[in-house]
Amino acid sequence: MISKRKHVFTDHKMIESIPPTCVPYLVLLMNSTVFHILRKGLLRFTPSGLQIVVAEIIATLELCCACAELGVCYEIHGYLGLGIPLLALCFWWCSVWGNAEACPCGPFEECLFGTGLDAEVGKKLLGQAVGGAITSFWINYIWSFHMNEEHEALHTAAECQAGLQVHMGLGALIEGIITLISRVVALESVNWNPEISLSTNAIVTTVLVLAATSTTGGFFNPVLATALTLGCRGNTLVEHIVVYWIGSLVGGFIGRYLFHLRHGYDKLKES
């Protein structure tokens, strides 16, 4: 019993020795490591038919937890504290996620422009829904250690704060535009040099998030927005659906349509 108490006391002292301003960055590093090990371990023993479900669960959980912690970085160090780790994470995610998307825009676009609602699309959406649903459990567990003032405030707050800071119509327009840009870049870059594609997507994503942080939060991902802000103080359920679901999905649909329109015209010219 004494040994156990000493161990807990030592762990507590170790946490207190970490500079509070460094805490969110260390949490981001820890989360990336934990989820990467989890991904490697689970996918090794998961049947091939369920691998995309597991990959989407882990990728969505990793994305949502990271974005919640990036909010802490933003509170402490502003746009610089948000932009630099986000850019690094985008490079990392593009390198390790494989076929997982952690965003429903692509699967819903497949329903409209591609193969329809087939088994693969259904598995992706299921994995994303599960990953988003369990996000709060992991986030609150990490914040429960109260490693800095921001974590303590977030963990003990009666209500969370929504990201929408503008009128619903303007918010939907902003989310639609940044989703459109993100999707067009993602689609166009598929056939580029891998290094250029990765760099372009990471930079564009970071710029779009920074550009919309003070208006909608810059989510351009319905599952991410729902996992982190649904039911939070600052917007109603209708506003949330219109801005983060309808706005983003319509933006993605327009981007996919423009992509097909351009490449269909290119094929017509070639023929």
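The values are calculated or read from the model by the stated rules, or taken from the named source; none is laboratory data. This is a predicted model, so every value here is computed, not measured. For neighbour counting, all protein chains shown are included, and Cβ atoms are generated from backbone atoms with ideal geometry for every residue, glycine included. Note: accessible area is taken over every heavy atom of the protein model, side chains too, but ligands, DNA and RNA are not part of it. Shrake-Rupley method; radii C 1.70, N 1.55, O 1.52, S 1.80 Å.
Table for the structure above
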item	result
Rg/Rg_globular for the stretch 22-77, with Rg_globular taken as 2.2 N^0.38 Å and Rg from C-alpha atoms	1.32
Sites residue 161 and residue 115 - FRET efficiency at Förster radius 35 Å, r taken between beta-carbons, to 0.05	0.35
Two-site FRET efficiency, residue 152 against residue 50, from Cβ-Cβ distance with R₀ of 41 Å, rounded to 0.05	0.60
Sum of side-chain charges, residue 169 neighbourhood, beta-carbon under 13 Å (Lys, Arg +1; Asp, Glu -1)	-2
Surface share of carbon and sulfur [accessible, 1.4 angstrom probe, percent] for the chain	68
In nm, spacing of pseudo-spin labels at residue 263 and residue 29 (7 Å Cα→C-beta vector)	4.0
Among 68, 227, 119: highest mean-square fluctuation, GNM of the chain, C-alpha pairs under 10 Å	119
Förster-model FRET efficiency, 51 Å R0, residue 230 and residue 203, C-beta, rounded to 0.05	0.95
Cα centroid separation - the stretch 43-114 against the stretch 233-248, whole Å	21
Packing-based order for 246-255, 203-212, using average beta carbon neighbours within 10 Å, highest first	246-255, 203-212
Pairwise label distance in nanometres, residue 190 with residue 211, each label 7 Å out on the Cα-Cβ vector	2.3
At least 15 Å along the helix axis (C-alpha) and Kyte average at least -1.0, DSSP helices within the chain	2-16, 23-45, 51-96, 119-133, 168-188, 194-212, 248-270
Dipole-positive endmost among 49, 212, 252 within the chain (Cβ charges, Cα centre)	49
For the chain, accessible area per residue (1.4 Å probe, heavy atoms of protein chains only), Å²	53
Relative contact order computed over the stretch 77-218 (Cα-Cα under 8 Å; 6+ residues apart), in percent	31
Where no second cysteine Cβ lies under 4.7 Å, the cysteines concerned in the chain	22, 64, 65, 67, 73, 90, 94, 103, 105, 111
The chain: C-alpha pair distances exceeding 24 Å, %	52
